[in-house]
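Have a look at the structure below, then the notes.
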Amino acid sequence: VQLQASGGGLVQAGGSLRLSCAASGRTSDFVTGWFRQAPGKEREFVAAIRWTGGTTRYADGLKGRFAISKDIAKNTMYLQMNSLNPEDTAVYYCAATSRLIWSNFGVPSSYNYWGQGTLVTVSS
């Protein structure tokens with residue numbers, strides 16, 4: 001499985017962006033997620049979604065501003081980000097796995113496929 005993230009860019013505080021993650025290969029029973037890494041910080045969990053059933057999970061504090069979704073026909077995952085603030089500035093990575101224990105949805109090492117990352121910069 002290969003993942004291609006896109007949609008990052010520069011946005012003013014309060015603005016919105018939608019990230020996309022296009023997957024090649026079979027993902028029907030996968031869990032896919034978004035992580036982000038700010039300069040000098042560790043990679044952190046943002047959101048995850050199960051492709052079978054559509055169950056979602058979010059990092060504390062992001063649900064309500066961020067929304068993860070998928071389009072099975074397009075084999076693409078999305079992250080809609082609203083009310084962005086400078087603390088959201090980071091490289092955003094999409095990830096996928098077919099072997100996740102669901103309780104580990106927020107652990108980066110649980111994912112075995114990663115996209116290249118897309119930079120989101122929020123100006124104040």
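The values are calculated or read from the model by the stated rules, or taken from the named source; none is laboratory data. These numbers come from a predicted model, not from an experiment. When we count neighbours, we look across all protein chains shown, and the Cβ atoms used for this are built from the backbone with ideal geometry, even at glycine. The protein model used for the area step is the full one, side chains on, heavy atoms only, and it has no ligands, DNA or RNA in it. Shrake-Rupley method; radii C 1.70, N 1.55, O 1.52, S 1.80 Å.
For the range 67-105, enumerate the residues that are among the acidic types (Asp, Glu) and more than 15 Å from Gly54 (Cβ to Cβ).
Glu87, Asp88
Do we have any residue at all in the range 61-73 that's in contact with a Gly (Cβ under 8 Å, 6 or more places away or on another chain), part of a loop (DSSP other than H, G, I, E, B) and not small (Gly, Ala, Ser)?
No; the residues of the range 61-73 include none that is in contact with a Gly (Cβ under 8 Å, 6 or more places away or on another chain), part of a loop (DSSP other than H, G, I, E, B) and not small (Gly, Ala, Ser).
Checking Val1 against (1) in contact (Cβ under 8 Å) with a residue 60 or more places away in the chain; (2) over 24 Å from Ser123 (Cα atoms); (3) open to solvent by less than 50 Å² (accessible area, probe 1.4 Å), which single condition isn't satisfied?
Every listed condition holds for Val1 apart from (3).
If you take the residues in the range 84-103 that are among the β-branched types (Val, Ile, Thr) and within 16 Å of the chain's Cα centre (by Cα), which one is nearest to Ser28 (Cα to Cα)?
Among residues in the range 84-103 that are among the β-branched types (Val, Ile, Thr) and within 16 Å of the chain's Cα centre (by Cα), the one nearest to Ser28 (Cα to Cα) is Thr97.
Go through the range 74-103 and count every residue that is in a loop (DSSP other than H, G, I, E, B), over 18 Å from Cys21 (Cβ atoms) and modelled with pLDDT under 95.
Residues flagged as in a loop (DSSP other than H, G, I, E, B), over 18 Å from Cys21 (Cβ atoms) and modelled with pLDDT under 95 within the range 74-103 amount to 2.
Any chance you could count how many residues in the range 4-19 are open to solvent by 50 Å² or more (accessible area, probe 1.4 Å) and more than 11 Å from the chain's Cα centre (by Cα)?
Number satisfying all stated conditions: 6.
Does Arg36 meet the test of being part of a strand (DSSP E or B), over 19 Å from Ala5 (Cα atoms) and touching a strand residue (DSSP E or B) at 6+ places or on another chain (Cβ under 6 Å)?
Considered against the rule, which asks whether it is part of a strand (DSSP E or B), over 19 Å from Ala5 (Cα atoms) and touching a strand residue (DSSP E or B) at 6+ places or on another chain (Cβ under 6 Å), Arg36 comes out as no.
Table: residues versus (1) open to solvent by 50 Å² or more (accessible area, probe 1.4 Å); (2) polar (S, T, N, Q); (3) touching a strand residue (DSSP E or B) at 6+ places or on another chain (Cβ under 9 Å); (4) under 20 Å from Val120 (Cβ atoms).
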site	(1), (2), (3), (4)
Cys21	no, no, yes, yes
Val31	no, no, yes, no
Lys41	yes, no, yes, yes
Leu62	no, no, yes, yes
Phe66	no, no, yes, yes
Asp71	no, no, yes, no
Cys94	no, no, yes, yes
Phe105	no, no, yes, no
Pro108	no, no, yes, yes
